[in-house]
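Read-outs throughout are calculated quantities, based only on the coordinates presented, and are distinct from any laboratory measurement. Quick caveat, the model's predicted, so the values are computed rather than measured.
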């Protein structure tokens, strides 16, 4: 597949994820489906099973709208690296965010929404340029910091009704994804434990 086609497929994946979020919320609003119960419930078997579902579920359309714009914008920026890149970043971030929340959040709470992935996308874009030593990626990180930095930092402050745990672990997952997927300018992944020189 050519580079342009790979980018288009990555963008389609981001659009498909947004569509699933909106369809899920529409179903939840129209039917007595109570999909919100399928989020991350800390230290329960059902809550562990909710990790892959939680990013697609929201507490009303206001919650969904507030996540859709940054998810789509930052997801599109990552998707320009291709389908494999956006898929891997999403999986790493969602797993780290979900597992971290499942481990440390308050018992009996339910955590859902795409904001953990949003925080992961943001930290990935911020960290990617540092790991790859790429000026374009560094510039992208600066733009992300300017546009979303205040919201990203504010979301890490513990508040009632806000899953700061998902935000924190999502951000950590984004940095981890940036490190794991980093490429040098010659296209090779740097060897662990050895400084990269050029």
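What 222 nm value per residue comes from the helices of the chain, counting each DSSP H run with n ≥ 4 as -39,500 (n - 2.57) and dividing by all residues, nearest 500 deg cm²/dmol?
After summing the helix terms and dividing by the residues of the chain, the value is -22000 deg cm²/dmol.
Return one number: the angle in degrees, 0 to 90 and rounded to the nearest 10, between the long axis of the Cα atoms of helix 61-79 and the longest principal axis of the Cα atoms of the chain.
That helix lies at roughly 20 degrees to the long axis.
Gap in Å between the Cα centre of region 1-47 and the Cα centre of region 57-99?
9
Counting pairs of alpha carbon atoms under 8 Å apart in space and at least six apart in sequence, what relative contact order in percent does region 3-180 give?
It comes to 27 percent, rounded to a whole number.
Just to be sure I understand: with springs between alpha-carbon atoms less than 10 Å apart, which residue in 55, 70, 32 has the highest mean-square fluctuation in the Gaussian network model of the chain?
32
Where Rh denotes the Kirkwood radius from the mean inverse Cα pair distance, what is Rg over Rh for the chain?
Dividing the radius of gyration by the Kirkwood radius yields 0.99.
Rounded to whole Å and sorted largest first, what semi-axes of the equivalent ellipsoid does the C-alpha gyration tensor of region 1-58 yield via the square root of 5 times each eigenvalue?
Ellipsoid semi-axes (Å, largest first): 29, 16, 6.
If you line up the long axis of helix 83-104 against the longest principal axis of the chain, both from Cα atoms, how many degrees apart are they, to the nearest 10?
With both axes taken from Cα atoms, the answer is about 50 degrees.
Shape verdict for region 69-154, please, from the Cα gyration tensor: rounded (a/c under 1.5), prolate (a/b greater than b/c) or oblate.
prolate
In the Gaussian network model of the chain, springs joining C-alpha atoms below 10 Å, which of 86, 51, 12 carries the largest mean-square fluctuation?
12
Can you tell me which of 62, 15, 129 moves the most in a GNM of the chain? Springs connect C-alpha atoms under 10 Å apart.
Sorting by GNM fluctuation, first place goes to 62.
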